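Single-structure report; data block below.
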Amino acid sequence: MAKTTPFVSGIVGRLLALGPVEARAMFGGFGLYLDEAMFALIDRDALYIKVDDATKEHFAKAGGKAFTYSTRDGQRMVMSYWSPPADAVGDPAKLVPWASLGVEAARRARAKKSRPGDKKKRSPAARS
């Protein structure tokens, strides 16, 4: 694991049931990966788990909030990562099911990106 914090180490430890979770430093925070799929991020000692159309409503109903950040020009960007319920963060038995939803969403996103024919076809002029 790269340079880490006690919070990051604790989260990774609570997610051992998922498999070999790896924390990678990025943009002042950390990305959490399983099998090369980023399924969560940590920013300022707060955990956010990847969501998609199939899982976002679960997080919203549980009181989760979307991860947002401000761009240099002051715009607020919303990402597809949401906080799990507060009581889940410290309890592996509660956290692992939420993180599993993130792993599933990350895998769906990767599969969608790697489907043949999904990439825009380039014009013959662009290929030369």
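The values are calculated or read from the model by the stated rules, or taken from the named source; none is laboratory data. Keep in mind it's a predicted model, so treat the numbers as computed, not measured. Here Cβ is always computed from backbone atoms with ideal geometry, including for glycine, and neighbour counts include all displayed protein chains.
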The lone condition ALA17 fails out of (1) crowded, with 21+ Cβ neighbours inside 10 Å; (2) over 13 Å from ALA106 (Cβ atoms); (3) among the aliphatic types (A, V, I, L, M) is (1)
**Prompt:** Taking the condition surrounded by 11 or more Cβ atoms within 10 Å (Cβ to Cβ) and at pLDDT 95 or above, does ALA93 pass?
**Reply:** no
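Those residues that are surrounded by 15 or more Cβ atoms within 10 Å (Cβ to Cβ) and in contact (Cβ under 8 Å) with a residue 24 or more places away in the chain, I need them from region 72-87; list them, please. Quick ask: steps written out before the conclusion?
Of the residues in region 72-87, the ones surrounded by 15 or more Cβ atoms within 10 Å (Cβ to Cβ) are 80-85.
SER80, TYR81, TRP82, SER83, PRO84 - these are the residues of region 72-87 that are surrounded by 15 or more Cβ atoms within 10 Å (Cβ to Cβ) and in contact (Cβ under 8 Å) with a residue 24 or more places away in the chain.
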When (1) modelled with pLDDT of 95 or more; (2) more than 20 Å from THR4 (Cβ to Cβ); (3) in contact with a Lys or Arg (Cβ under 9 Å, 6 or more places away or on another chain) are applied to PHE30, the one that fails is (2)
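Within region 46-75, track down each residue that is part of a loop (DSSP other than H, G, I, E, B) and either under 15 Å from PRO97 (Cα atoms) or touching a Leu at 6+ places or on another chain (Cβ under 6 Å) (or both). If you could, list the steps in order and put the result at the bottom.
Let us first name the residues in region 46-75 that are part of a loop (DSSP other than H, G, I, E, B), namely 51-55, 62-65, 71-75.
Matches in region 46-75: VAL51, ALA54, THR55, ALA62, GLY64.
Quick test for you: out of PHE27, PHE7, pick the one residue that is more than 12 Å from the chain's Cα centre (by Cα), over 15 Å from LEU101 (Cβ atoms) and surrounded by 12 or more Cβ atoms within 10 Å (Cβ to Cβ). Before the answer, list the steps.
Values: PHE27 fails: surrounded by 12 or more Cβ atoms within 10 Å (Cβ to Cβ).
The unique qualifying residue is PHE7.
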